[in-house]
Amino acid sequence: MVVGAPFEDGSATGVNGMVDESAGGAGAAYIFTGIAGPEVTPFALASLARLGNGSFQFGFTNGTGLPFTVLTSTNVALPLNLWSNLGPAVETPVSSGQYQFTDPQATSNLIRFYRVSSP
């Protein structure tokens, strides 16, 4: 899944959350992919936000109690084994099927792509 955010800049509080488009034709594209297993259903992206401290946060829904790992790369074309593991997405509240991940390292990256995988 690709989610576009035209004209988003580093000071935005959400996807295109501020009217500050001084970066010309800049923007962002957030890419979410999942590797489906028998219990995993297609992802339903629930939220995207650039937090006040510059971290990037996203949420999605899926089956309850499933393990999800978030990977990142600055080059979407890299083979999966070259993507960096950022850690698990957290199901919150527990057994809700609602998962959330916050990337505090996003503050130092102008371009960042995300993949979510289950085992």
**OP:** Identify all residues within region 58-98 that are among the polar types (S, T, N, Q), exposed (fewer than 12 other Cβ atoms within 10 Å of the Cβ) and under 14 Å from residue 119 (Cα atoms); write none if there are none.
**Re:** 81, 85
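Would you call residue 36 modelled with pLDDT under 55 and farther than 18 Å from residue 116 by Cβ? So that I can check it myself, show each step before the final result.
Details: modelled with pLDDT under 55: yes; farther than 18 Å from residue 116 by Cβ: no.
For residue 36, the condition - modelled with pLDDT under 55 and farther than 18 Å from residue 116 by Cβ - is not met.
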Original post:
Is there any pair with a first residue in region 86-99 that is over 14 Å from residue 57 (Cβ atoms) and a second that is open to solvent by less than 40 Å² (accessible area, probe 1.4 Å) and assigned to a strand (DSSP E or B) whose Cβ atoms are under 7 Å apart and which are 6 or more apart or on different chains, and what are they?
Top reply: 91/99
Subject >> Test set (1) within 27 Å of residue 108 (Cα to Cα); (2) modelled with pLDDT under 90; (3) surrounded by 15 or more Cβ atoms within 10 Å (Cβ to Cβ); (4) of a type outside the set (Phe, Trp, Tyr) - residue 24 fails condition number >> reply: (3)
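The values are calculated or read from the model by the stated rules, or taken from the named source; none is laboratory data. Only a predicted model underlies this, so the values are computations on that prediction, with no experimental measurement involved. Note that we place each Cβ from the backbone using ideal geometry, even for glycine, and neighbour counts take in every protein chain shown. Heavy atoms of the whole protein, side chains included, go into the accessibility calculation; ligands, DNA and RNA do not. Shrake-Rupley method; radii C 1.70, N 1.55, O 1.52, S 1.80 Å.
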